[in-house]
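J.: One structure follows; several queries about it will come next.
The values are calculated or read from the model by the stated rules, or taken from the named source; none is laboratory data. Treat the numbers as computed from the prediction; the structure is a model and nothing was measured. Using ideal geometry, Cβ is built from the backbone for each residue, glycine included, and neighbour counts are taken over all protein chains shown.
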Amino acid sequence: MTLPQPTGMRLLPRSPYRLRRRGREQAGGCQLLLFAAFLRGPTGPRLAFPGVQAEERGQAEAIARSTEACLELGVPMIAAIVGEGGSGGAVALAAANRILMFEHAVYSVISPEGCASILWRTSEKAADAAEAMRITAQQLEQLGIVDEVVREPLGGGHRSPAMAISALSQAIEKSLDMLGGQTSHDLRQGRREKFLAMGVL
């Protein structure tokens, strides 16, 4: 699914809502279905296009609706950040029970270049912005935003895709084992508490 424009971002809530409509969630719990989001950019389109036209077409509202849909999902949701997750779209897609992140990936609501352009009116301060934003996997794990940092092969996942996929698969399986016995209510409540706790010093 390509989500750089508001029209694409509005497609996201359909999947969670379809799960509920089809009766996958039960009164006493939920069947063991998994809703997984894999975040990677910006070699293709960004997860949310940072342009005036997108804002005019309601991108903020589309991102908010996507976040709401993820938070309301009654089955285990796991997000895996496998490249550069640097936009509001990335944040919307990662409103999950468990957030996994490759050790060389980055994750933020805006790119360092975009942040530097806003704060200092020049992208040349991108390195300073990146340090202040704390966007690496290790920093985000310390902050409690990322639940697990997934080790990559020497030189990065692109050096050995099979090894990277295997490591991520094991992390997803472990996360699913942790979430599988929870009811729909518990999954929603845990997700809510997780994100409300972010930013508390």
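J.: Among the residues that make up segment 161-171, is at least one of them assigned to a loop (DSSP other than H, G, I, E, B), of a type outside the set (D, E, K, R) and in contact with a strand residue (DSSP E or B) (Cβ under 7 Å, 6 or more places away or on another chain)? Walk me through it before giving the result.
T.: From segment 161-171, those assigned to a loop (DSSP other than H, G, I, E, B) are none; that's our starting set.
The answer is no, given that none of the residues of segment 161-171 is assigned to a loop (DSSP other than H, G, I, E, B), of a type outside the set (D, E, K, R) and in contact with a strand residue (DSSP E or B) (Cβ under 7 Å, 6 or more places away or on another chain).
J.: Among the residues of segment 164-187, is any in contact with a helix residue (DSSP H, G or I) (Cβ under 9 Å, 6 or more places away or on another chain), β-branched (V, I, T) and farther than 24 Å from R65 by Cα?
T.: For segment 164-187, residues in contact with a helix residue (DSSP H, G or I) (Cβ under 9 Å, 6 or more places away or on another chain), β-branched (V, I, T) and farther than 24 Å from R65 by Cα: present.
J.: Whether any residue in segment 147-155 is in contact with a strand residue (DSSP E or B) (Cβ under 6 Å, 6 or more places away or on another chain), assigned to a helix (DSSP H, G or I) and over 22 Å from V91 (Cβ atoms) is what I want to check.
T.: No; the residues of segment 147-155 include none that is in contact with a strand residue (DSSP E or B) (Cβ under 6 Å, 6 or more places away or on another chain), assigned to a helix (DSSP H, G or I) and over 22 Å from V91 (Cβ atoms).
J.: Let me ask something else. Which one is modelled with the lowest pLDDT among residues in segment 72-127 that are among the polar types (S, T, N, Q) and farther than 18 Å from D147 by Cα?
T.: If we take residues in segment 72-127 being among the polar types (S, T, N, Q) and farther than 18 Å from D147 by Cα, then S87 is modelled with the lowest pLDDT.
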